[in-house]
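**Q** This is the structure I have questions about; it appears just below.
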Amino acid sequence: MEARCSIRVRGTVQGVGFRPTVYRLARAARLGGFVYNDAEGVVIEVEGDAAVLASFPELLRRDAPPLSRIEAIEVASIPRRGEHEFRVAPSARAAGAARADLPADTGICDACTRELRDPAGRRFRHPFVTCTDCGPRYTIVRDLPYDRARTTMAAFAMCDACRAEYEDPADRRFHAEPIACPRCGPRVALIVGDTRIAEGDDAVRRAAAMIACGAIVAVKGLGGYQLAVDARDEAAVRRLRDRKRRPHKPFALMARDLAAVERIAVVSPRARDALRSPARPIVLLPRVPSAELAPGIAPGLTELGVMLPTTPLHVLLLEDPAPLLVMTSGNLAEEPIAKDEQGAFATLASVADAFLVHDRPIHTRADDSVVRVLGDGVQPVRRGRGLAPEPLPLDVDAPPLVAVGADLKNAVCVAAGREAILSQHVGDLASLEARSFFEEVVAHLTRLRGISPEIVAHDLHPEYATTRWALASRLRPVAVQHHHAHVAACLAEHGRAGPAIGIAFDGTGCGPAGDAWGGEVLVFDLAGFVRMGHLRPLALAGGEAAIREPWRLALAALSDAGEPLPDDARARSVMGLVRGRLASPEATGAGRWFDAVSAILGVRRRITYEAQAAIELEALAGASDDDRAYPFELDEAEARPFQIDLRPAIRAIARDHRTGEPAARIASRFYATMAEIVRAACGLVRRRHGLGLVALSGGCFQSVRLAERAAARLAADGFEVLVHRRVPANDGGIAYGQAAIAAHRLAKGG
């Protein structure tokens, strides 16, 4: 019996080889009809044997391309049309909201790598080899549906050979939108000063030779410019640090292959999977002590951020002679990465000795993603190229909204219906350039999703640039407390709505009364929260200066604990501020206690990048396996909120430090103390409220040492523990939490 049906497929089904897969499946099943992209996903009409049609949706799920993600398949019977051939039809741009998921960029696949290295192939050493399984997506898309005409590849007309591959169902480049070859594709050039000194493969070879001789080369990657130097050349690394104004923050590395990674770092099976995943993120790995690397790559740290080549151009740069390159963001300080030649020359002329450029425009800049192995999974530290804009779940229908996140590690989130899209890493919004990038991302995501936001979710902090933007936007504002957003993001990414216990440990965030929070114990769901407890406040002597200079926090902590202080003018001056309550607000931030202990132990008294003191303290703690906790006090009185008093721990730390206890052992015990605090606080809340679900969030839980120890203690006590797996625990996840909370409040009529 013959029949015909229409099939609507929603999810990540554009730019991932879905239409070619449908074509091949339909032809193999002897079905007629067509497939095309539209603004909501993929539309299929198939006609043929009714029994075959009935099994076709399951066939789609079973044989879907590896980069696809099917969210829903909707099937309806329609009248027969007597169609016996199957074809790929032109895409349709439907009126209204775009609902198709945006494809992320993916690293070069193995098949394209082999082709790149094949002297007999017509794409030998072509820096833009790509197919349906790899290559640029999000960074080149101008609009949806995803077709070449709506990408930055539109300017490159296919040659006859590429057109034949593009139209051949048996070819892996069948409807691969960025398809190109040396005849018809983008071109590479090497520029020194005002002169194009080489083009094509000669440009790549000469750039590699310059790097080998100690030069800094700006390389146009998938989502923006990167700065490359030989990772073994300390003089080049120091020169890059000086020019980039980045004295200590670690540089990322790009390695030729896994063998090169394993010579410098310990690679677990899960880390190996992350390195080789289509996202090709930077993976944070324990350093091999004997690694032959420039000392200045990650000063004071015992781990390295390493990635494999993301594009054919990177593969070629690493072919010879350097197996390892520093590959860091092409920007100054915390400004956005440069995405075009004009911006790169203006920003990086004082940094780079040469520019390896090409003429495929980057429409949307995206910095490299950063992940780390945490327990039995992977946790993003920075969500960028390769991970964004992967959709995230909402368990209630959201009206069209935009959530604008925080001011540090900013990312924005747009949402409508049951889906949220968290943007790539935008960065710190201190500069005009960063704020312009923020607005660019908001405009791009809302346009691509066809959303006209009605709601804007924002932080409580009145001085955040995001808050000021939200209140000036004329959208209906929904204010969301910072730490509620943290734990809500963790809960929501796991598809849970609460109630739960939330442990939000970060540096500083604004409380409902304008006070400084950051070491919070909450009972919450996705609509609201109650503050159950917090860490004892610590005076920020000099305000923001205390964050940049942790020695001020050390003095405040020691004084509060009744410990003797240095008798010098600097200490007297700072303690005068604290005792006089002058420019010394109190904050409960967990991060500030890590900073204070770091300074007490002499690890880091001044910082040059965010969380440096705590990061170096964790590196020191790694040299010890002492897991005994220092004493602390937890007030179990019924009055709310309870306070967790760290003064006993500070007194014990000061005593151990004075008596010559190894600093690594003290640091290790402090991490154990903070993990034990989490355990004790959750135990108290469970006794009072019967809750057994815990969400751990906030920048402090980027520490593997803290997160794994806290989670293990909670699990041993029978708690179900949620940690971040899809969004960062730091402020990069705040916007998603804001979106989830706003959606729930509005669903309840809030």
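The values are calculated or read from the model by the stated rules, or taken from the named source; none is laboratory data. All values reported here derive from a predicted model rather than from experimental measurement. Here the Cβ positions follow ideal geometry from the backbone for every residue, glycine too, while neighbour counts run over all protein chains shown. Calculation scope for accessible area: heavy atoms of the full protein, side chains included, ligands and nucleic acids excluded. Shrake-Rupley method; radii C 1.70, N 1.55, O 1.52, S 1.80 Å.
**Q** Please work out if residue 152 is surrounded by 16 or more Cβ atoms within 10 Å (Cβ to Cβ) and either over 22 Å from residue 341 (Cα atoms) or at pLDDT below 95 (or both).
**A** Working: surrounded by 16 or more Cβ atoms within 10 Å (Cβ to Cβ): yes; either over 22 Å from residue 341 (Cα atoms) or at pLDDT below 95 (or both): no.
Taking the combined requirement at face value, the residue does not satisfy it.
**Q** Restricting attention to the stretch 153-194, report how many residues are part of a helix (DSSP H, G or I), of a type in the set (A, V, I, L, M, F, W, C) and either touching a Gly at 6+ places or on another chain (Cβ under 7 Å) or over 18 Å from residue 105 (Cβ atoms) (or both).
**A** To start, the set of residues in the stretch 153-194 that are part of a helix (DSSP H, G or I) comprises 153-155, 160-166.
Next, only the ones that are of a type in the set (A, V, I, L, M, F, W, C) stay: 153-155, 161-162, 164.
Filter once more, so that each one left must be either touching a Gly at 6+ places or on another chain (Cβ under 7 Å) or over 18 Å from residue 105 (Cβ atoms) (or both): 155, 161-162, 164.
Count: 4.
Results for (1) surrounded by 22 or more Cβ atoms within 10 Å (Cβ to Cβ); (2) assigned to a helix (DSSP H, G or I); (3) free of Cβ contacts under 8 Å to residues at least 60 places away in the same chain; (4) among the small types (Gly, Ala, Ser), shown as yes or no for each residue.
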{"position": "446", "(1), (2), (3), (4)": "no, yes, yes, no"}
{"position": "452", "(1), (2), (3), (4)": "no, no, yes, yes"}
{"position": "458", "(1), (2), (3), (4)": "yes, no, no, no"}
{"position": "496", "(1), (2), (3), (4)": "no, no, no, no"}
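**Q** For the stretch 226-245, name all the residues that are among the basic types (Lys, Arg) and either within 22 Å of residue 308 (Cβ to Cβ) or open to solvent by 40 Å² or more (accessible area, probe 1.4 Å) (or both).
**A** 232, 238, 239, 243, 245, listed by residue number.
**Q** So which residues in the stretch 108-123 are in contact with an Asp or Glu (Cβ under 6 Å, 6 or more places away or on another chain) and either among the hydroxyl-bearing types (Ser, Thr, Tyr) or open to solvent by 20 Å² or more (accessible area, probe 1.4 Å) (or both), if there are any at all? First the steps, then the outcome.
**A** Kept after step one, since they are in contact with an Asp or Glu (Cβ under 6 Å, 6 or more places away or on another chain), are these residues of the stretch 108-123: 109, 121, 123.
Of everything in the stretch 108-123, those that are in contact with an Asp or Glu (Cβ under 6 Å, 6 or more places away or on another chain) and either among the hydroxyl-bearing types (Ser, Thr, Tyr) or open to solvent by 20 Å² or more (accessible area, probe 1.4 Å) (or both) turn out to be 109, 121.
Residues checked against (1) modelled with pLDDT of 95 or more; (2) open to solvent by less than 20 Å² (accessible area, probe 1.4 Å); (3) out of contact with any strand residue (DSSP E or B) (no Cβ under 6 Å at 6 or more places or on another chain):
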residue: 328; (1), (2), (3): yes, yes, no
residue: 340; (1), (2), (3): no, no, yes
residue: 343; (1), (2), (3): no, no, yes
residue: 347; (1), (2), (3): no, no, yes
residue: 353; (1), (2), (3): yes, no, yes
residue: 358; (1), (2), (3): yes, yes, no
residue: 368; (1), (2), (3): yes, yes, no
residue: 408; (1), (2), (3): no, no, yes
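**Q** Hey, among the residues in the stretch 252-286 that are charged (D, E, K, R) and open to solvent by 60 Å² or more (accessible area, probe 1.4 Å), which one's farthest from residue 138 (Cα to Cα)?
**A** The selected residue is 263.
**Q** Of the residues 308, 356, 304, which single one is in contact (Cβ under 8 Å) with a residue 12 or more places away in the chain, closer than 26 Å to residue 215 by Cβ and over 23 Å from the mean Cα position of the chain (by Cα)?
**A** Values: 308 fails: over 23 Å from the mean Cα position of the chain (by Cα); 304 fails: over 23 Å from the mean Cα position of the chain (by Cα).
The match here is 356.
**Q** Another question, then. Would you point out which residue out of 618, 633, 676, 661 is open to solvent by 30 Å² or more (accessible area, probe 1.4 Å), modelled with pLDDT of 95 or more and touching a strand residue (DSSP E or B) at 6+ places or on another chain (Cβ under 6 Å)? Steps first, answer last, please.
**A** On the way: 618 fails: touching a strand residue (DSSP E or B) at 6+ places or on another chain (Cβ under 6 Å); 676 fails: touching a strand residue (DSSP E or B) at 6+ places or on another chain (Cβ under 6 Å); 661 fails: touching a strand residue (DSSP E or B) at 6+ places or on another chain (Cβ under 6 Å).
Sole residue among the options that is open to solvent by 30 Å² or more (accessible area, probe 1.4 Å), modelled with pLDDT of 95 or more and touching a strand residue (DSSP E or B) at 6+ places or on another chain (Cβ under 6 Å): 633.
**Q** Has the stretch 127-143 got any residue that is part of a helix (DSSP H, G or I) and open to solvent by 10 Å² or more (accessible area, probe 1.4 Å)? Give the derivation first.
**A** Filtering the stretch 127-143 down to residues part of a helix (DSSP H, G or I) leaves none.
No, the conditions are met nowhere in the stretch 127-143.
**Q** Right, next: Only residues in the stretch 206-230 that are free of Cβ contacts under 8 Å to residues at least 60 places away in the same chain count as the first member; pair them with residues that are of a type in the set (Lys, Arg), Cβ under 9 angstrom, at least 6 apart or cross-chain, and list the lot.
**A** 214/239
**Q** Which pairs do you get when a residue that is more than 18 Å from residue 414 (Cβ to Cβ) and outside any strand (DSSP E or B), found in the stretch 461-479, comes within reach of a residue that is open to solvent by less than 40 Å² (accessible area, probe 1.4 Å) and polar (S, T, N, Q), reach meaning Cβ atoms under 6 angstrom, with the pair 6+ apart or on two chains?
**A** 461/467
**Q** Residue 585 fails exactly one of the following numbered conditions: (1) closer than 22 Å to residue 662 by Cβ; (2) touching a strand residue (DSSP E or B) at 6+ places or on another chain (Cβ under 8 Å). What is the number of that condition?
**A** (1)
**Q** While we're here: Would you mention how many residues in the stretch 597-615 are open to solvent by less than 20 Å² (accessible area, probe 1.4 Å) and closer than 16 Å to residue 672 by Cα?
**A** 2
**Q** Right, next: Scan the stretch 28-44 for residues that are open to solvent by 10 Å² or more (accessible area, probe 1.4 Å) and either among the hydrophobic types (A, V, I, L, M, F, W, C) or under 16 Å from residue 172 (Cβ atoms) (or both) and jot them down.
**A** 28, 29, 34, 43
**Q** How many of the residues in the stretch 543-558 are of a type in the set (Lys, Arg) and more than 13 Å from residue 587 (Cβ to Cβ)?
**A** Initially, the stretch 543-558 is screened for residues of a type in the set (Lys, Arg), giving 548, 552.
Within this subset, residues satisfying the condition of being more than 13 Å from residue 587 (Cβ to Cβ) are 548.
Summing the residues that are of a type in the set (Lys, Arg) and more than 13 Å from residue 587 (Cβ to Cβ) in the stretch 543-558 gives 1.
**Q** When the residues of the stretch 370-389 are filtered to those that are in contact with a Lys or Arg (Cβ under 9 Å, 6 or more places away or on another chain) and under 18 Å from residue 266 (Cα atoms), which remaining residue is most open to solvent (accessible area, probe 1.4 Å)?
**A** 376
**Q** Any residue in the stretch 115-135 that's within 9 Å of residue 176 (Cα to Cα): show its pairings with residues that are among the charged types (D, E, K, R) and in a loop (DSSP other than H, G, I, E, B) at Cβ separation under 6 Å, as long as the two are six or more apart or on different chains.
**A** 131/172; 131/173
**Q** Also, quick follow-up: In the stretch 409-441, what residues are under 13 Å from the mean Cα position of the chain (by Cα) and not in a strand (DSSP E or B)?
**A** Listed by number, the residues that qualify are 409, 411, 412, 423, 424, 425, 426.
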